[in-house]
1. Once the piece of chain linking L224 and Y4 is laid out straight, how much longer is it, given 0.36 nm per residue of separation minus the C-alpha distance between them?
2. Quick test of your reading: applying the under-4.7 Å Cβ rule, which cysteines of the chain are isolated?
3. Over what distance in Å are the Cα centres of region 34-72 and region 75-134 separated?
4. Suppose R0 equals 41 Å. What FRET efficiency, 1/(1 + (r/R0)^6) with r the Cβ-Cβ distance, do T189 and I147 give to the nearest 0.05?
5. Work out the FRET efficiency for L30 and R129 from their Cβ-Cβ distance, taking R0 = 41 Å, and round it to the nearest 0.05.
6. Which percent, to the nearest 5, of DSSP beta bridges fully inside region 46-156 are antiparallel?
7. Cβ under 15 Å from K187's Cβ, K187 left aside: what net charge do those residues give with Lys, Arg +1 and Asp, Glu -1?
8. Got the relative contact order for the chain handy, in percent, Cα pairs under 8 Å and 6 or more residues apart?
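Values quoted throughout were computed directly from the atomic coordinates according to the rules given, and no laboratory measurement underlies them. Everything numeric in this text was worked out from a predicted model, so none of it was measured. Neighbour counts are summed over all protein chains in view; Cβ atoms, including those assigned to glycine, are modelled from backbone coordinates with ideal geometry.
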Amino acid sequence: MASYGVDVAQGRVLGIDPGFSMVLANGSVLSARRILLATGVEDVLPDFPGVRERWGRDLLHCPYCHGWEVRDEPIAVLGTQVGSAAHALLVRQWSEDVIFFANDLELNPARLAQLNARQIRVVDGEVARLVIVDDRLNGVELSDGRIITRSAVFIRPQNVPHADGLLSGLGCVLGKEGFPKVDASGKTTTPGVWAAGHVVDPRSQVITAAGAGSAAAIAINADLVLEDADRLAH
């Protein structure tokens, strides 16, 4: 970025005032004519032992990102939210040995029939912890003491926009899950503010998130050029 004359400011933005003035944690203030928020999401993980230790190692989230690496292994899918059972159907493509731990989820008959049809075993009972042996995932332990051996576990974490209140503070209209409403270029409902990447769509992958950032950058540049032309014309 430096080779293109870009200044990189290290610091955390505490707030953005209309205009736009950005207050940093070190007390300095930066001004801007347009804002692009690309602050991503936070994965909300279940709170039981083993989750933090194994996250991103053998506790996985995306069948498309991680499925190949654990193909044909004994796999578990944890029921953490609505949609977890559908996640198990996706994971089933990678292994014939998939167990769905329902945890506290109640499956409707249609979904249960799908799991049975794909020979995905459903285990009831609350998950207590992930069993770790020699720095590797070894199984899933239930609250009743049962331990079921598994070498990989998938979950579908809840994704929360990681914008530190900047979206709502700027007055952007948010959807029911807290993600901003944007047009095709990433423009939010607040004039001068764009958003791109996972803070808009938690399901986007790196290439699509980068593409959204490119589209937003082009739109912002065009917006600034038109504003400057109007100002000079008057």
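1. 77.3 nm
2. Among the cysteines of the chain, those whose Cβ sits 4.7 Å or more from every other are C172.
3. A separation of 17 Å, based on Cα centres.
4. 0.20
5. FRET efficiency, L30 to R129: 0.35.
6. Approximately 40 percent, going by the DSSP bridge assignments.
7. My count for the surroundings of K187 gives -1.
8. 21 percent
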